[in-house]
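**Q** The structure follows.
The values are calculated or read from the model by the stated rules, or taken from the named source; none is laboratory data. All of these numbers come straight from a predicted model, not from anything done at the bench. No Cβ is skipped: glycine too gets one built from the backbone with ideal geometry, and neighbour counts run over all protein chains shown.
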Amino acid sequence: MPGSALRVVLAEDGYLVREGVRRVLEASGEVEVVAAVGNTEELLDAVRRLSPDAVVTDIRMPPTFDMEGIRAAHVIRSEWPDVAVVVLSQYADAAYAVDLLGRGAAGLGYLLKDRVGDYETLIDALRATVAGRSVIDADMVETLVARRQRAEASRIARLTPRELDVLRAMAEGGTNTAIAQALHLSASAIEKHIGSIFDKLGIPPEPLVHRRVAAVVTYLRYGAPIKWPPQPDPNTAPGR
């Protein structure tokens, strides 16, 4: 029922942290902590018995202190899809967020433990995930965006000078014929360069126009300024 208290199971192996999070949640007046447990076995048992609205779990718990919270989140979302899960972590590690959200983000949240003191952020995350949305910490968003940018920039750096010439011309809207004429290359050579560009930028086979757009967008984000018409390479013979 809208506005009613959320029934939450809390999982955290550290007693002091667990009690601190419990108090933060219950002090809000919007959450009833129906169980507070210290490992994933107890967590899954509590979810099975109590059918909570949501789970708040630490990312690392016994026995391996690796990614038990994420593994439990996947089990919960698979077996009890109506139960939302918010994972708390002290690590701003993009790999954890990708592992959590990579199989489907609905009903899942990833927050840094620094946010626990701000109960409104935690409550908002619980409300959003219970409603079927996903939540990711703002710091993690910045980390993921930065990682994506580095990856795309590194792909641009793998292009040869001639492939960059072709990509610049594509960004300017040049057709294969126009690019071939400007670079004094054959149409087949241009097609070969474009295929190599797609491969190096990691753009999978799709209708050609979509791949061209994706390549151009990547270039405009991370490439050099557009120069048109491109200058022919004096070391490349016409038609080669």
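**Q** Considering only residues that are farther than 15 Å from ALA46 by Cβ and in contact (Cβ under 8 Å) with a residue 12 or more places away in the chain, which ones fall in segment 66-81? Walk me through it before giving the result.
**A** Within segment 66-81, the first condition is being farther than 15 Å from ALA46 by Cβ, and the residues that meet it are 66-67, 70-71, 74, 77-78, 81.
If the condition is that a residue be farther than 15 Å from ALA46 by Cβ and in contact (Cβ under 8 Å) with a residue 12 or more places away in the chain, then MET67, ILE70, ARG71, HIS74, ARG77, PRO81 are the ones that fit.
**Q** Using the structure shown, decide if ARG60 is out of contact with any Pro (no Cβ under 6 Å at 6 or more places or on another chain), outside any strand (DSSP E or B), within 20 Å of VAL17 (Cβ to Cβ) and assigned by TED's automatic domain parsing to the domain that holds ARG127. Reasoning before the result, please.
**A** Working: out of contact with any Pro (no Cβ under 6 Å at 6 or more places or on another chain): yes; outside any strand (DSSP E or B): yes; within 20 Å of VAL17 (Cβ to Cβ): yes; assigned by TED's automatic domain parsing to the domain that holds ARG127: yes.
Yes, satisfied.
**Q** Only one of VAL37, VAL31 is closer than 19 Å to VAL130 by Cβ and assigned by TED's automatic domain parsing to the domain that holds THR129; which?
**A** Values: VAL37 fails: closer than 19 Å to VAL130 by Cβ.
Only one candidate passes the filter, namely VAL31.
**Q** Then there is this: Give segment 15-38 a look and list any residue that's free of Cβ contacts under 8 Å to residues at least 12 places away in the same chain and under 20 Å from ARG60 (Cα atoms), or say none. Explain how you work it out, then say what you get.
**A** First pass over segment 15-38, keeping only residues free of Cβ contacts under 8 Å to residues at least 12 places away in the same chain: 16, 23, 26.
Selection gives LEU16 alone.
**Q** Name the helices (runs of 4 or more DSSP H) wholly within segment 82-157 that hold at least 3 residues that are at pLDDT 90 or above and buried (at least 18 other Cβ atoms within 10 Å of the Cβ)?
**A** On the way: elements: 94-101, 119-130, 138-157.
Result: 119-130.
**Q** Name the pairs whose Cβ atoms lie under 7 Å apart, with the first residue in segment 95-120 and assigned by TED's automatic domain parsing to the domain that holds VAL83, the second of a type in the set (S, T, N, Q) and part of a loop (DSSP other than H, G, I, E, B), and 6 or more positions between them or separate chains?
**A** LEU101/SER134; ALA105/SER134; ALA106/SER134; LEU108/SER134; GLY109/SER134; LEU112/GLN90; LYS113/GLN90; TYR119/SER28
**Q** Considering (1) among the β-branched types (Val, Ile, Thr); (2) at pLDDT 50 or above; (3) in a loop (DSSP other than H, G, I, E, B), say which one VAL217 fails and leave the rest.
**A** So the condition that VAL217 fails would be (3).
**Q** Suppose the filter is at pLDDT 95 or above, out of contact with any His (no Cβ under 7 Å at 6 or more places or on another chain) and not in a helix (DSSP H, G or I); does ALA46 pass it?
**A** Details: at pLDDT 95 or above: yes; out of contact with any His (no Cβ under 7 Å at 6 or more places or on another chain): yes; not in a helix (DSSP H, G or I): no.
It is false that ALA46 is at pLDDT 95 or above, out of contact with any His (no Cβ under 7 Å at 6 or more places or on another chain) and not in a helix (DSSP H, G or I).
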